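These notes are about the structure you will find just below.
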Amino acid sequence: MKKIFVFALLLLTGCSFPIIPLNYSAGSTKIVDGSFKIGEFEYTPMKSHLLMPNVVKIGVLWKPTFDKNIDKYFKDALFVESRYMGVDVNSSNTVVSGKINTMSGESAGGDINFNMDVSYMVKIDGKECYNKPHKSTSEVVSPDTITNSMDKATRLNIEKVFSDSEFINCISVKK
């Protein structure tokens with residue numbers, strides 16, 4: 001009887017992991033002169049119904065749940081990192097938006113590589129100026145550092161787009 005009760009309890013409550021807090025902290029050493037507004041970023045794994053909006057896939061079985069949707073996390077990270085680099089993110093006719101195509105972890109031996117693929121689009125007065133994907137990878141040594149690894153992969157991805165001269169030309173246009 002006790003086994004049936006425990007099984008029923010697990011069935012009703014589910015075996016779940018705690019929700020992981022997700023807060024980005026800037027750390028880039030780049031300095032950039034430019035201005036833009038941050039538009040929407042779409043988390044495409046969620047749009048294709050593969051994952052919930054606040055879940056990433058790590059390996060085959062682990063899908064940690066975060067307290068913030070991935071698109072909101074990335075948009076906040078881009079805002080914070082851009083301001084940290086010196087970009088004016090409040091007043092501009094230039095809008096940076098995009099799609100988060102991949103944000104996942106893969107097992108590589110004993111470690112986990114955290115991968116990001118983000119397609120950035122820049123529009124000036126509604127006309128497309130830039131549209132390119134950028135990929136980044138960071139290594140997770142243990143699961144308790146997943147948010148640090150997400151931050152690192154996010155920072156690397158944002159730094160890649162800020163290292164692209166075409167992107168810089170688009171955000172540097174003043175009108």
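The values are calculated or read from the model by the stated rules, or taken from the named source; none is laboratory data. Just so it is clear, the model here is predicted, and its values are computed rather than measured. In this analysis, Cβ positions are derived from the backbone assuming ideal geometry, glycine residues included, and neighbour counts consider all displayed protein chains.
Laid out as a table, the results:
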quantity	calculated
Failed condition for SER104, given (1) without any contact (Cβ under 8 Å) to a residue 60 or more places away in the chain; (2) touching a Ser or Thr at 6+ places or on another chain (Cβ under 8 Å); (3) under 27 Å from THR145 (Cα atoms)	(2)
Total residues in segment 67-85, condition without any contact (Cβ under 8 Å) to a residue 60 or more places away in the chain and touching a strand residue (DSSP E or B) at 6+ places or on another chain (Cβ under 6 Å)	4
Pairs, first more than 15 Å from SER119 (Cα to Cα) in segment 145-173, second among the small types (Gly, Ala, Ser) and surrounded by fewer than 22 Cβ atoms within 10 Å (Cβ to Cβ), C-beta under 6 Å, six or more apart	SER149/SER138; LYS152/SER138
Restricting segment 44-58 to residues that are assigned to a helix (DSSP H, G or I) and either more than 14 Å from ASP117 (Cβ to Cβ) or acidic (Asp, Glu) (or both), the residue that is nearest to the chain's Cα centre (by Cα)	MET46
Qualifying residue in segment 1-14 (condition: in a loop (DSSP other than H, G, I, E, B) and modelled with pLDDT of 85 or more)	no
Some residue of segment 88-97 being free of Cβ contacts under 8 Å to residues at least 60 places away in the same chain, out of contact with any Phe, Trp or Tyr (no Cβ under 7 Å at 6 or more places or on another chain) and in a strand (DSSP E or B)	yes
